[in-house]
1. So is B:Ala285 under 17 Å from B:Gly152 (Cα atoms), touching a residue at least 60 places away in the same chain (Cβ under 8 Å) and touching a Ser or Thr at 6+ places or on another chain (Cβ under 6 Å) or not?
2. Filtering the range A:106-128 down to residues that are of a type in the set (A, V, I, L, M, F, W, C) and more than 17 Å from B:Ala351 (Cβ to Cβ), which residue is nearest to the other protein chains (Cβ to nearest Cβ)?
3. Which of the residues spanning the range A:129-151 are in a loop (DSSP other than H, G, I, E, B), within 14 Å of chain B (Cβ to nearest Cβ) and open to solvent by less than 50 Å² (accessible area, probe 1.4 Å)?
4. Being buried (at least 19 other Cβ atoms within 10 Å of the Cβ) and either at the interface with chain A (Cβ under 9 Å from one of its Cβ atoms) or closer than 9 Å to B:Leu437 by Cβ (or both) is the filter here, so list the residues in the range B:393-404 that pass it.
5. Go through B:Leu352, B:Leu330 for me and flag whichever is more than 30 Å from B:Ser202 (Cα to Cα), modelled with pLDDT under 90 and open to solvent by 20 Å² or more (accessible area, probe 1.4 Å).
6. Confirm whether A:Ser85 is at pLDDT below 85, farther than 30 Å from A:Ile219 by Cα, assigned to a helix (DSSP H, G or I) and away from chain B (no Cβ under 14 Å).
7. Report yes if A:Val81 is open to solvent by 30 Å² or more (accessible area, probe 1.4 Å), outside the structural domain of A:Gly165 (by TED's automatic domain parsing) and either closer than 30 Å to B:Ala407 by Cα or not polar (S, T, N, Q) (or both), otherwise no.
8. Considering only the range B:89-105, state which residues are more than 17 Å from the chain's Cα centre (by Cα) and either in contact (Cβ under 8 Å) with a residue 60 or more places away in the chain or within 7 Å of another protein chain (Cβ to nearest Cβ) (or both).
Amino acid sequence: MEPITIVVVSLAAGTMLLLAVAMSFVLGWANNAFHVEVDPKIVQCNEVLPGANCGGCGYVGCNEYSEAIVLNGESVTKCPVGGASCAEGLAQIMGVEVEQTWPFKAVVHCAATFSQRLLRNTYHGEQTCAAANVISGIQGCTYGCLGFGDCVEACNFSAIFMKEGVPEVVYDPCTGCGACAEVCPRNIITMVPFKTSEMLVIACSNNDFGAEVKKVCTIGCTGCKACTKANDLFTMEGNLPVLNYDAYDPDAVDFSLALDRCKMESLVWVGVPTAEHIEATKDMEVPDKIEADFKTTVDDTEWRG
Amino acid sequence: MSASPLSTTGPGTFPRGIHPPEAKELSASGKIEVLPTPKEVKIALLQHTGAPCEAIHKPRTEVEAGAMVGSSEAFVSAPVHSPIAGKTAKTCSVTLPNGRHVPAVPIKATGEQLEGDALFEEIFGGEWPTSGLERYSADEIRTATREAGIVGLGGAAFPTHVKFAVNPEKPIDTLLINGCECEPYLNADNRLMIEAPMPMISGTMLAARAIGAEQMVIAIEDNKPEAIAAARKAAEGSPVRIQPVKTKYPMGGEKQLIPAALGRIVPTGGLPLDVGVVVMNVGTATAVARAILRGKPLTHRVVSVSGRGIVSPKNILAPVGATYQELIDLADGLTPDAARVIAGGPMMGFALGELDTPITKGTSGIVVLTEAEVRERNETNCVRCGHCVDVCPLHLVPTRIALASRARNWDLAKRYHMMACMECGCCSYACPAGIPLVQLIRTGKASAPRA
């Protein structure tokens, strides 16, 4: 090796070494000078939260929720994904008591399958509920489910699927994030507190008079008020009963009279299936989801035409 | 083309747009027939853009023909009147073709009714002066227009007295009367201009007085030579100018008609009054004349019942609140291969599911298409051919907006001015891939968050 090469190489190596040493001092100084104090509780909370970033708590993501808990004293029970164990963990970190809460889950206020809805017409347009909702005459009922499955599309947890035109919620995976309720153009999905594994739901959204309802649906609520007379938890709002879920006590309430008196099939039980249900349906097959055979994409690139 | 805001004539056309088959010949020569008084009419309490009316009378009240049955305190609203003498019944609800679920007052016909030619004569007959109208003040005309429940009869049903409320910062110098009727099949305005041009001229002059416009122009598409001739004859000796414009869809859109007839350009997101113009339909002008000179409310309108799915296409003078079925029955019913009934024209109308629906003030036509005409189009990928861009009369990029709407990407859709779309349907008509562009854009406009 020629001496000149050795000089050049060692010069270069020396310069790099010098730079590295100088830089490490700069970085070390910056680390101290620009240090941001993060409350260790926020980090701890973050570790307890499931990290689904679903927005079910009302914050943009898990980190924002942690910050809200620690800095603004937000309630520790808002995470629908983590549930009770998560709330307990958060309560331990914050040194507070967990108040009694219930997981909110989606319920569908329409139970009419395609064959039970009347005045249905052929429709060739865009196959989404949002598009069908701005057109009249697809089906007689202007309140009930359209059956194109926007809610199925919106669910990130595979907790809702269409069965003969009505969405059915699978309550085990349902985290209560509310995405389905938000996307439904007819607002027939609401979130209710599940105080037991099975909840009673008024499965109709049609607010018209009984005679009008009968023209468009074979099972719709006619507003006969029988349930309100059978049980105090039902009150009429317009031509539809509403169930007071705040006063709903699973141990004390007996709905059998109301269920008995409902002439239509407007009161249904939903929830996690019991052992008997599983036994009765174990041989059934879950239908495959039907996908459209074309795909149109849209991207964020600017139009340059 | 001069785009100066003070320009008074235009080139007679606008850039872009389409030429769908006109199919006007089906009902063009059919003289307006009067619908026999129905046994019952259902007066929808929301027939216009704006606040809904409240029913005035208790059930089982006797009302005369022309009596007000619903009104509202709100400014952007128009009262509704009974077209027949009869007895009111309990308020029911009806679903209008646009999907709105609204309350309606049913009125059962009782006693003597004005029928047939006598009714036609009562509405359009008699003297319609074009001079001496100075004795009606602008305020009087505005109040009478509101009392008569007049709304835009072109289809959107915007309350006319709201258009008459002048904004001092934006003076109006021109009243443009829209006699284009660019939708295929429809002939309601065409026949009205041919058979009753005089009230239209009087109404134009009265409306111009209400808004303080000096220039009055009636624009008519050149595929209606009879209407142009009739209007010219009626306008002789009056300051109203008849301006023929080229036949093109959507010439009847105000943002297309104003550049074509006057040479002024309405800014995106703006209104005609930004360039000193108010646009009104010919039927509305006629209704204004009747309201001021005769003191009669808007209770009847001309409806074109046409299409190859109708046995004998006709133009019918019908009371508001009669059902679609009754009008179709007068036109001898549907053909065996009738497949789809559309309320309004085929381009912007709404498919109708239930024929037992009452017509409203905004119903300009009923078009029935046959099996062969409504065959399903299979959607394929967008090939970026740009046909929709070539035809969009508002210079938008429909494919981008529609696909952004399908992906629920509202920011992107709004960046492409989704809200400026007037849903004329040119893009869907032109799309070779069969993408329901205008439906996707409509969906987007309905579901995108406001603000």
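The values are calculated or read from the model by the stated rules, or taken from the named source; none is laboratory data. All values derive from a computational prediction rather than experimental measurement. Don't worry about glycine lacking a Cβ; one is built from the backbone with ideal geometry, like all the others, and counts go over all protein chains shown. Just so you know, the surface numbers come from the protein's heavy atoms only, side chains and all, with ligands and any DNA or RNA stripped out. Shrake-Rupley method; radii C 1.70, N 1.55, O 1.52, S 1.80 Å.
1. Details: under 17 Å from B:Gly152 (Cα atoms): yes; touching a residue at least 60 places away in the same chain (Cβ under 8 Å): yes; touching a Ser or Thr at 6+ places or on another chain (Cβ under 6 Å): yes.
Against the criterion (under 17 Å from B:Gly152 (Cα atoms), touching a residue at least 60 places away in the same chain (Cβ under 8 Å) and touching a Ser or Thr at 6+ places or on another chain (Cβ under 6 Å)), B:Ala285 qualifies.
2. Filtering the range A:106-128 down to residues of a type in the set (A, V, I, L, M, F, W, C) leaves A:106-108, A:110-112, A:114, A:118-119.
Subsequent filtering for residues that are more than 17 Å from B:Ala351 (Cβ to Cβ) retains A:106-108, A:110-112, A:114, A:118.
On the way: A:Ala106: 19, A:Val107: 22, A:Val108: 20, A:Cys110: 16, A:Ala111: 20, A:Ala112: 16, A:Phe114: 15, A:Leu118: 11 Å.
That would be A:Leu118.
3. Initially, the range A:129-151 is screened for residues in a loop (DSSP other than H, G, I, E, B), giving A:134-149.
Right, trim to within 14 Å of chain B (Cβ to nearest Cβ) and you get A:134-144, A:146, A:148.
A:Val134, A:Ile135, A:Ser136, A:Gly137, A:Ile138, A:Gln139, A:Gly140, A:Cys141, A:Thr142, A:Gly144, A:Leu146 - these are the residues of the range A:129-151 that are in a loop (DSSP other than H, G, I, E, B), within 14 Å of chain B (Cβ to nearest Cβ) and open to solvent by less than 50 Å² (accessible area, probe 1.4 Å).
4. Across the range B:393-404, the qualifying residues are B:Pro398, B:Thr399, B:Arg400, B:Ile401, B:Ala402, B:Leu403, B:Ala404.
5. On the way: B:Leu330 fails: modelled with pLDDT under 90.
From the options B:Leu352, B:Leu330, the qualifying one is B:Leu352.
6. Numbers: at pLDDT below 85: yes; farther than 30 Å from A:Ile219 by Cα: yes; assigned to a helix (DSSP H, G or I): yes; away from chain B (no Cβ under 14 Å): yes.
Against the criterion (at pLDDT below 85, farther than 30 Å from A:Ile219 by Cα, assigned to a helix (DSSP H, G or I) and away from chain B (no Cβ under 14 Å)), A:Ser85 qualifies.
7. Details: open to solvent by 30 Å² or more (accessible area, probe 1.4 Å): yes; outside the structural domain of A:Gly165 (by TED's automatic domain parsing): yes; either closer than 30 Å to B:Ala407 by Cα or not polar (S, T, N, Q) (or both): yes.
Answer is yes for this residue.
8. Those that are more than 17 Å from the chain's Cα centre (by Cα) and either in contact (Cβ under 8 Å) with a residue 60 or more places away in the chain or within 7 Å of another protein chain (Cβ to nearest Cβ) (or both): B:Ser93, B:Val94, B:Thr95, B:Gly99, B:His101, B:Ala104, B:Val105.
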